[in-house]
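Trainee: One structure is given below, represented as structure tokens, and several questions about it will come after.
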Amino acid sequence: MRQASENEKFAVVGIRPQETPQEETRQKWYKGKPLLSMVLLGIVFAGCMGSRFIMTKDPTYMDLLNYNLPPNGEFLFGTDTMGRDIFSMIWYGGKISLLIGLLSTAISTVIAVIFGAVSGTAPQWLDTLLMRLTEILLSVPNLLLVILLQAILGKPGIWSISIVIGVTSWTSIAKVVRTEVRQLRSSEYVVAARCMGGGFFHILWNHLAPNFVSSIMFMVVMNIRSAIVEESTLSFMGIGLPLEIISWGSMLSLSEKALLTGSWWIILIPGIFLVVTLLCMTEIGNYLRRQVNQKESNL
Amino acid sequence: MKKKNYFLYYGRKLLIFLVSVLVLSMTVFYISRLAPGDPLVSYYGDRVEKMSPQEREWAEEKLGLNDALHVQYVHWLNNALHGDFGISYKYKRDVMEVIGSRLGNTLILGGIGFVLVFVLALLLGILCAWYENRLADRIICKVGTVTSCIPEFWFSLMLILIFSIELKWLPSSGSYTIGKEGDVWDRVLHLILPMTIVVISHLWYYAYMIRNKILEEVRADYVLLAKSKGLGKRRIVFGHCLRNILPSYLSIMAISVPHVLGGTYIVETVFSYPGIGTLSYESARYKDYNLLMVLCILSGILVIFCNMVAQTINEQIDPRIKGEEALETSEVVKI
């Protein structure tokens, strides 16, 4: 606000007075924040974490008498082709989907920050070499890389899927980190810290990270999102989690059968939960990105 | 610039290109061999289980699978440089033939999809920027965000459920009805659903980028000048702003060629569309090594080539910055 009032003094000289929005002071704290998304995501998150209080049935129990039932009073969202209660599976499986999203993002962010920082502070030739390597890694189709890595790691489980997704999705964050670090590395405080004998990780954590954290925050949230998408896609295609490990993706892997019998609820319900979660994350991510001020249009 | 420098310039690029392809082939070779799995299964099918150890050994010998890895690689490289990429274990035909028979389908799906994405994104982006923060913009932005959130495979499933199973309007799999191979209309019908997915899943990302770039441009000082000179909104947006963002859009689209063209894996798999996507999926899953190598290298070449095209475009636009730096500043983050 101080900026604006100072500009008003210059209004006589010809600088446009910036419209000081009076209402802005009166705006509520939640104004402009993606409130609906935060609440929805909160509900999904809380429901998944406290799944044992919500579940009406055992999600892994296969009720062979009641398989492939449409939603009704007893089975709120119906049952799948193996006779499991979809309502319970949603909450139980959501926990695993979200967990994989968070785990793999944690893995990829750590790799990205370290790789980006090394590449950003390294001498020119090493930097070029590292960037070329990333480019080559990027040029292998993602899906093929995932299939091969998964095969190397063995039987798919929560950890191995997270590692595979994490290892294949760090490049875009690494590029941003590298660009930021390259701009920061010759600033006085970094040089000073280095002169005082600060180690690589000390400088990275205390001096570099606080500066680039805001620019990668948005990408980190988006990475959680794409990790969840990737897990569900892989499980759907039969190369991710097996049917016994319930997640939204592995629930959808039954959809080929469901298409044949026309059981729409098996496809629709997990999908809606998936899409709503992803949508909320996108909204929050976009909000983080919008934090950078928008200037007045000249048109 | 002198002529000699041009030679050096392109020579250097070519060298980087070749080295990259070589490293790529090596990486794929080692990763694929490290992955457990029996390539014999894809060659002999279920008969492998009944084979005696001697027969297995003989078969592996025949396919050259029991040499040391680096020997295998040098052998492969030598053959590849002579134009012989080996045979596909599964199809028992020359790899190039197998790919050739599928390539057309993917090019149609990805190529037309790419052009559609390119044009529609531009139009949609301009439309949104024109009506910034008005109702139309808000609605399009919301719908766009929602579509960009829907996982491709689930979207495909929903379309199949609605249009193929409930309404019975469109076929749900393949690229033509058996027995009607030459029927163009039949092929078009089979293309509609996969094409919709390809276009919708990419469209909003680029449209939103265009929208934001125009909005950024509109806030520049020259727009104020143009306006004070009395130019209309249309002249400013189309004559000045668009001209400024088009080159960078072109370079971004060049980078995304492999993205759109190669991003048809999931769509092809869901719709059992006989293209490169399903082929690579099969080859990676069933360890069809020779096929996998060629597919990876092809897509690698495409990616590296497109990156170089984008770099060149960027260098042409603004010779002050080196192309490599321009690539980083242009937002090519997949969301």
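The values are calculated or read from the model by the stated rules, or taken from the named source; none is laboratory data. These numbers come from a predicted model, not from an experiment. Heads up, the Cβs are rebuilt from the backbone with ideal geometry, glycines too, and the neighbour counts pull from every protein chain shown. Just the protein is used for accessible areas: all its heavy atoms, side chains included, with ligands, DNA and RNA removed. Shrake-Rupley method; radii C 1.70, N 1.55, O 1.52, S 1.80 Å.
Trainee: At a cut-off of 50 Å², which residues of segment B:131-153 become less accessible once all protein chains are present than in their chain alone, using a 1.4 Å probe?
Mentor: Correct list: B:145, B:149, B:151, B:153.
Trainee: Please work out the ratio of the alpha-carbon Rg of segment B:99-194 to 2.2 N^0.38 Å and round it to two decimals. Numbers along the way, then the final one.
Mentor: Working: Rg = 16.9 Å, N = 96, 2.2 N^0.38 = 12.5 Å.
Scaled against compact globular proteins, the figure is 1.36.
Trainee: Also, quick follow-up: Take the residue pairs A:95/A:175; A:57/A:95; A:95/A:155 and return only those whose Cα atoms are more than 25 Å apart.
Mentor: Distance filter (> 25 Å) returns A:95/A:175.
Trainee: How large a share of the accessible area of segment B:100-285, in percent, is made up of carbon and sulfur atoms when the probe is 1.4 Å and the other protein chains stay in place?
Mentor: Numbers: 5470 of 8400 Å².
For segment B:100-285, the apolar C and S fraction of the accessible surface comes to 65 percent.
Trainee: Related question: Run the helix sum for chain A: -39,500 (n - 2.57) per DSSP H stretch of 4+ residues, divided by residue count, reported at 222 nm to the nearest 500 deg cm²/dmol.
Mentor: Details: 15 runs with 201 residues, N = 299.
Calculated mean residue ellipticity at 222 nm is -21500 deg cm²/dmol.
Trainee: Considering only protein heavy atoms and a 1.4 Å probe, what is the carbon-and-sulfur percentage of the accessible area of chain A?
Mentor: Working: 9780 of 14950 Å².
On chain A, the fraction of accessible area on carbon and sulfur atoms equals 65 percent.
Trainee: Hey, in the GNM for chain A with a 10 angstrom Cα cutoff, which one of A:140, A:44, A:220 fluctuates hardest?
Mentor: The residue that fluctuates most here is A:140.
Trainee: Then there is this: With the contact rule set at Cα under 8 Å and sequence spacing of 6 or more, what percent relative contact order holds for chain A?
Mentor: Values: 363 pairs, mean separation 63.4, N = 299.
Relative contact order of chain A: 21 percent.
Trainee: Name the chymotrypsin sites (Phe, Trp or Tyr not before Pro) in segment A:59-146 that are in a loop by DSSP and that have at most 15 other C-beta atoms within 10 Å, would you?
Mentor: Working: sites: A:61, A:67, A:75, A:77, A:87, A:91, A:92, A:115, A:125; in loops: A:61, A:67, A:75, A:77.
Of the chymotrypsin sites (Phe, Trp or Tyr not before Pro), the ones in loops of segment A:59-146 whose Cβ has at most 15 other Cβ atoms within 10 Å are A:61, A:67.
Trainee: Here's something else I'd like to know. Work out the count of Lys pairs in segment B:100-285 where the Cα-Cα distance is under 29 Å, with the pair 8 or more places apart or on different chains.
Mentor: On the way: B:142/B:213; B:142/B:233; B:168/B:180; B:213/B:227; B:213/B:229; B:213/B:233.
Lysine pair count for segment B:100-285: 6.
Trainee: Quick one: among A:96, A:136, A:246, which has the greatest mean-square fluctuation in a GNM of chain A with alpha-carbon springs under 10 angstrom?
Mentor: Among A:96, A:136, A:246, the largest GNM mean-square fluctuation belongs to A:136.
Trainee: What does the average come to when, for each residue of peptide B:154-164, you count the partner chain Cβ atoms lying within 10 Å of its Cβ? Numbers along the way, then the final one.
Mentor: Details: counts 15, 2, 0, 11, 6, 0, 3, 8, 1, 0, 1.
The shielding value for this peptide is 4.
Trainee: Take the alpha carbon atoms of segment A:181-221, find their center, do the same for segment B:253-278, and report the distance between the two centers in whole angstrom.
Mentor: 39
Trainee: On to the next question. Taking R0 as 22 Å, what's the FRET efficiency between residue A:74 and residue A:272 from their Cβ-Cβ distance, rounded to 0.05? Each step should come with its number before you reach the end.
Mentor: Numbers: r = 21 Å, r/R0 = 0.95.
Computed FRET efficiency for residue A:74 and residue A:272 comes out at 0.60.
Trainee: For the B and A pair, go ahead and give the buried accessible area with a 1.4 Å probe, both sides summed, in Å² to 100.
Mentor: Values: alone 19880 and 17470 Å², together 32390 Å².
Adding both sides of the contact gives about 5000 Å².
Trainee: Still on this structure: Relative to a virtual label point 7 Å from the Cα of residue B:233 in the Cα→beta-carbon direction, which members of segment B:112-129 show backbone nitrogen distances below 17 Å?
Mentor: Of the residues in segment B:112-129, B:124-129 have backbone N under 17 Å from the label point off residue B:233.
Trainee: Here is a further query. Counting only heavy atoms of protein chains, what accessible area per residue, in Å², does segment A:76-298 have with a probe of 1.4 Å? Intermediate results must be reported in sequence, preceding the final value.
Mentor: Details: 8710 Å² over 223 residues.
Spelled out: the 1.4 Å probe surface of segment A:76-298, per residue, equals 39 Å².
Trainee: Any chance you could list P(r) for segment B:100-285, counting all Cα-Cα pairs in 10 angstrom bins from zero, rounded to whole %?
Mentor: Pair shares across the bins are 9, 31, 29, 18, 10, 3, 0.
Trainee: In what order, largest first, do B:142, A:155, A:33, B:13 sit by accessible area if the probe radius is 1.4 Å?
Mentor: On the way: B:142 120, A:155 160, A:33 75, B:13 25 Å².
Output order, biggest surface exposure first: A:155, B:142, A:33, B:13.
Trainee: Could you tell me how many cubic angstrom of Cα convex hull volume segment B:155-215 has per residue?
Mentor: Spelled out: Cα convex hull of segment B:155-215, divided by residues, is 98 Å³.
Trainee: Still on this structure, I have one more. I want to verify a result. In a Gaussian network model of chain A, Cα cutoff 10 Å, which of these has the top mean-square fluctuation: A:72, A:211, A:223?
Mentor: Answer for the Gaussian network model of chain A: A:72.
Trainee: Further question on the same structure: Hey, could you pull the Cα Rg and Dmax for segment A:76-298, both in Å?
Mentor: Calculated on Cα positions, Rg and Dmax stand at 20.9, 70 Å.
Trainee: Still on this structure, I have one more. For residue A:58, what charge total do you get from the other residues with a beta carbon under 13 Å from its beta carbon, if Lys and Arg give +1 and Asp and Glu give -1?
Mentor: Here the count lands on +1.
Trainee: Related question: Give me the residues in segment B:268-285 whose solvent-accessible area, probe 1.4 Å, is reduced by at least 10 Å² once all protein chains are included instead of the chain isolated.
Mentor: Residues of segment B:268-285 that lose at least 10 Å² of accessible area once the other chains are added: B:269, B:270, B:280, B:281, B:284, B:285.
Trainee: Just the accessible area for residue B:217, please: 1.4 Å probe, Å², rounded to the nearest 10?
Mentor: Ignoring ligands and nucleic acids, residue B:217 comes out at about 40 Å².
Trainee: To the nearest whole number, what is the average tally of beta carbon atoms from other chains within 10 Å of the beta carbons of peptide A:109-122?
Mentor: Working: counts 0, 0, 0, 0, 0, 0, 0, 0, 0, 0, 0, 0, 0, 0.
The mean count of partner-chain Cβ atoms within 10 Å per residue comes to 0.
Trainee: Oh, and also: Going by average Cβ neighbours within 10 Å, how do the peptides A:251-258, A:187-194, B:237-244, B:84-91 rank, with the highest at the top?
Mentor: Working: A:251-258: 21.5, A:187-194: 13.5, B:237-244: 15.9, B:84-91: 19.2.
Output ranking for A:251-258, A:187-194, B:237-244, B:84-91: A:251-258, B:84-91, B:237-244, A:187-194.
Trainee: So how much accessible area does residue B:130 have, in Å² to the nearest 10, using a 1.4 Å probe?
Mentor: 70
Trainee: OK, next. Please give the solvent-accessible surface of residue B:183 in Å², to the nearest 10, using a probe radius of 1.4 Å with every protein chain present.
Mentor: 60
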